[in-house]
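Here is the structure we will look at, set down as structure tokens.
Just so it is clear, none of the values below were taken in a lab; they were calculated from the coordinates. Owing to the predicted nature of the structure, the values given are computational and were not obtained by experimental measurement. As a convention, Cβ positions derive from the backbone with ideal geometry for all residues, glycine included, and neighbour counts pool all protein chains shown.
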Amino acid sequence: MFYGSVVWDPWLIVAQIVCLQCLYYLALGVFLSILVGTRVSKMSLVYFFDYATVDASTVIGWGVMSSIFFSSIAGAGFLVYLVERAKKCLDFCATLYIVHLFICTIYGGWPASITWWVVNLTGLAAMALLGEYLCMRREMREIPISRLRSSA
């Protein structure tokens, strides 16, 4: 992809958003299985989308909070390969968390827990900042140019 030419491609943007959302929930599922699945008898969507499970007073709540944070870190890695541009990272992260808020509101109602807001806003900030940092490092890499030696 050439960065100099600016082309408005809404299908590419939608595909990137869908892929990022799916990868985020896949990572969240893996981390929830590891950190929460060993402590509960049955895993369900409650741990993904219900704000009441994000609770700092229980071990399971800490597992859910850690899973959300670790998924944000993994999401920053996904941004490097899906978005590839540092200046687009905040837009994609904000979109991901707005869609997550929308799904959580449909599933369990408007998040009334301050803990839910703090954890998700911290995850948003961590994902955006780390994603921008990683994308900038990738953008600033030297372009390898192989030298051809003539045999004369």
- Could you run through region 99-125 and say how many residues are surrounded by fewer than 18 Cβ atoms within 10 Å (Cβ to Cβ) and within 13 Å of the chain's Cα centre (by Cα)? 4
- Looking for whichever is touching a residue at least 12 places away in the same chain (Cβ under 8 Å), touching a Lys or Arg at 6+ places or on another chain (Cβ under 8 Å) and among the aliphatic types (A, V, I, L, M) here; the options are Val64, Val80, Val36. Which one fits? Val80
- Query: Within region 38-69, restricting attention to residues that are crowded, with 16+ Cβ neighbours inside 10 Å and of a type in the set (D, E, K, R), which residue is farthest from the chain's Cα centre (by Cα)?
  - Reply: Asp55
